[in-house]
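Following: one structure in structure tokens, then a few remarks.
The values are calculated or read from the model by the stated rules, or taken from the named source; none is laboratory data. In this text the structure is predicted, and so the values were computed from the model without any measurement. Here the Cβ positions follow ideal geometry from the backbone for every residue, glycine too, while neighbour counts run over all protein chains shown. We work out accessible area using only protein heavy atoms, side chains counted, and drop any ligands, DNA or RNA first. Shrake-Rupley method; radii C 1.70, N 1.55, O 1.52, S 1.80 Å.
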Amino acid sequence: RTTDGGTTWTKISVPKGARLYAATGASDGSIVAVGEGGAAIRSSDQGLTWQAADVVKGTDDTSNWFASVSPAGPALVAVSYGGRIFRSTDGGTAWIAAQQTPDTGKLAGFQSFPVARPGEDTLVIGVGNFIFRSAGGAGFEKTTSAGNQTVFGIRFLDPLVGVAVG
């Protein structure tokens with residue numbers, strides 16, 4: 001945790017049990033971090049203390065390990081290394097499986113699942129060097145490839161303008 005714009009950092013104790021891979025802010029002002037084994041933790045006091053949320057139950061492989069999390073209006077959306085999409089409507093306390101990304105068998109093993117929400121009903125996911133888009137939850141379509149670059153982050157400035165980095 002930092003309080004000086006990133007110049008110095010203090011290690012904060014968190015609930016034990018899983019490595020964390022991604023974090024985001026929720027619409028209620030809390031911070032949510034997600035990771036290994038479907039783990040999610042949240043803080044309502046700017047990262048001073050953390051509480052464990054429900055863990056997504058699954059197999060022993062990485063299919064339910066959260067790789068990325070992003071705000072989606074008042075909800076949160078997380079994508080797992082197995083290509084599954086999860087949604088939380090209570091600030092990251094409980095998670096519900098929402099849908100499966102396309103070509104999951106081909107995508108498993110990629111180390112990058114950034115997720116973005118450019119509009120209220122559109123979800124964009126970067127997997128390896130592919131970017132997928134789902135409008136209205138009606139399935140995913142593969143958009144322009146990122147060439148040979150692995151997508152490590154996607155951020156939309158508004159519902160139409162966004163950037164992907166790799």
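Here's how it looks for Thr143: its modeled amide H is under 5 Å from those of Ile131, Phe132, Arg133, which are all 5 or more places away or on a different chain. Sorting Lys11, Lys142 by accessible area puts them as Lys11, Lys142; the probe is 1.4 Å, largest comes first, and only protein heavy atoms count. The modelled label-to-label distance for the pair Ile12/Thr144, using points 7 Å beyond Cα in the direction of Cβ, is 3.8 nm. Taking the average, over residues, of other Cβ atoms within 10 Å as the packing measure, peptides 148-159, 39-50 rank 39-50, 148-159 from highest down. Grab the beta carbon distance between Asp54 and Thr122, set R0 = 35 Å, and tell me the FRET efficiency rounded to 0.05. Efficiency at R0 = 35 Å is approximately 0.85.
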